[in-house]
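Peer 1: Below you will find the structure I want to go over with you.
All of the numbers you see were taken from the coordinates with simple rules; none came from a lab. A quick note: this is a predicted structure, and the numbers were derived from the prediction, not measured. Note that we place each Cβ from the backbone using ideal geometry, even for glycine, and neighbour counts take in every protein chain shown.
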Ligand code: ADP
């Protein structure tokens, strides 16, 4: 027989659940009692119930003396029960009910100075008072349980919030460590990559000057070109990583100046046209659109968008860059006629290292850093960047910046 399964069954049937609830209740009570001031402890309450009931009896007798046939003679005793219940809870309240019933019997119902409780008539006489007292004690007891539960829930919430805060701190520390590592590793990689690339380029230049290469060296130029190309890629990645880590560490300083963003876009489009050999349509307004920005960094952000538009759209399709003014903002639009980005991916593309699954399995190179850097730069300028895309029709990336 599977003992484990049987244990689980017992749990499902409820027995251990009841036990758990009882334990929880006991824990709640313990914590509640530990929280309340000493004079409100149930034991103190039980002791103080005697003088309180005594006072109530004196009041009742005085009231009876002033108004002999007062319709609610037990009113001071009810008041005493309510008071005890509200201050000390259900235990002392039940004691107050018992004491009040006995006092009422002894001092109020004839024969005075004797307990008539021992007879059926006496018991029936006192029953309404006793039951009403019990109801009051129970209602106030419920109130006390509710208060205890609320307190317990509040404490549990507080504990959870503390634990979350701690986990958050640890995550932040880990994140800082990761950024630190990335920054150190990138710095360390930069020098060897530059050296390898430099040496490959020198060799290529030398080989290109040679009249004719021996047969066994015929493949060397191609190999060197590959080294040059791949180290160029690596270099770009290291630059991106360094940029990202200094942005995250808040070390990136913007050199702000008044710039016409039409100039920035024109220069980016020209560079990208030379690099890709593709035509890029540029639509600029007649008047300058001046924003306060770091020309190089904003250029870097626009370059990332335009190079993506070229990379993720078919060769020969149209890529457009437009600048215009919208109210108090300058807007840059980069549009392509690529395959578009599905809605569920659009919310992730600005995250670091995110690449769409189909892009990952394609030959398109990249590290998923370009848009994260672009977003960071634009936001540092007080602007925002977003994407609108329709599957099969293409994507448009918008950058909005406050006008100077
Ligand atoms: P990378 O291009 O190096 O992969 P990015 O951060 O620039 O990284 O872009 C993140 C992802 O967003 C890309 O991998 C791609 O899936 C998607 N993406 C970005 N721009 C476009 C675009 N114009 N059209 C379609 N998908 C895009």
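Peer 1: Size of the range 70-129 along its principal axes in angstrom, Cα-based, largest extent first?
Peer 2: So the extents along the principal axes, rounded to whole Å, are 34, 25, 19.
Peer 1: Give me 350, 107, 152, 72 ranked fewest to most by other Cβ atoms within 10 Å of their Cβ, as a rough exposure proxy. Mind showing how you got there, number by number?
Peer 2: Numbers: 350 20, 107 14, 152 17, 72 9.
If I rank by nearby Cβ atoms, fewest first, I get 72, 107, 152, 350.
Peer 1: For n ≥ 4 DSSP H runs only, could you compute -39500 (n - 2.57) per run for the chain, divide by its residues and tell me the 222 nm figure to the nearest 500? The partial results should precede the final answer.
Peer 2: Working: 12 runs with 260 residues, N = 404.
Helix-only estimate at 222 nm: -22500 deg cm²/dmol.
Peer 1: For the chain, set up a Gaussian network in which alpha carbons nearer than 10 Å are linked by springs, and say which option among 104, 189, 241 fluctuates the most.
Peer 2: Comparing 104, 189, 241 in the GNM, the peak value goes to 104.
Peer 1: Then there is this: May I have the pair-distance distribution P(r) for the range 193-325, computed from all Cα-Cα distances with 10 Å bins from 0 and rounded to whole percent?
Peer 2: Taking all Cα pairs of the range 193-325, the binned fractions are 10, 27, 29, 21, 10, 3, 0 percent.
Peer 1: Please build a GNM for the chain, connecting alpha carbons under 10 Å apart, and tell me which residue among 289, 82, 306 fluctuates the most.
Peer 2: Looking only at 289, 82, 306, the biggest GNM fluctuation is shown by 82.
Peer 1: Can you grab the distance from the C-alpha centre of the range 114-180 to the C-alpha centre of the range 287-354, Å, no decimals?
Peer 2: The distance from the Cα centre of the range 114-180 to that of the range 287-354 comes to 58 Å.
Peer 1: Nearest 10 degrees, 0 to 90: what angle lies between the long axis of helix 370-380 and the longest principal axis of the chain (Cα atoms)?
Peer 2: Roughly 70 degrees between the two axes.
Peer 1: In Å and from the alpha-carbon atoms only, list the Rg and Dmax of the range 38-138.
Peer 2: Cα only, the range 38-138: 13.4, 42 Å (Rg, Dmax).
Peer 1: May I pose another question? Let me know the Rg and Dmax you get for the range 272-371 when you use only its Cα atoms, in Å.
Peer 2: 14.7, 44
Peer 1: Right, something else. Find, to one decimal place in angstroms, the Kirkwood hydrodynamic radius of the chain, where the mean of 1/r is taken over every pair of different Cα atoms and then inverted. The partial results should precede the final answer.
Peer 2: Working: mean 1/r = 0.0334 Å⁻¹.
Hydrodynamic radius (Kirkwood, Cα only) of the chain equals 30.0 Å.
Peer 1: Okay, next question. Tell me the angle of helix 261-276 to the major Cα principal axis of the chain, expressed in degrees between 0 and 90 and rounded to the nearest ten.
Peer 2: 60
Peer 1: How much length would be gained if the chain were fully extended between residue 161 and residue 39, taking 0.36 nm per residue of separation minus their Cα-Cα distance, in nm to one decimal?
Peer 2: Working: separation 122, 0.36 × 122 = 43.92 nm, distance 3.12 nm.
That pair, residue 161 and residue 39, stretches by 40.8 nm at full extension.
Peer 1: Shifting gears a bit: If you fit an axis through the alpha-carbon atoms of helix 42-66 and take the longest principal axis of the Cα set of the chain, what angle between them do you get, 0 to 90°, nearest 10?
Peer 2: Roughly 50 degrees, rounded to the nearest 10.
Peer 1: What is the fewest-to-most order of 203, 247, 123 by other Cβ atoms lying within 10 Å of their Cβ? Display every interim value, and only then the final one.
Peer 2: Working: 203 16, 247 19, 123 13.
With the fewest neighbours first, 203, 247, 123 line up as 123, 203, 247.
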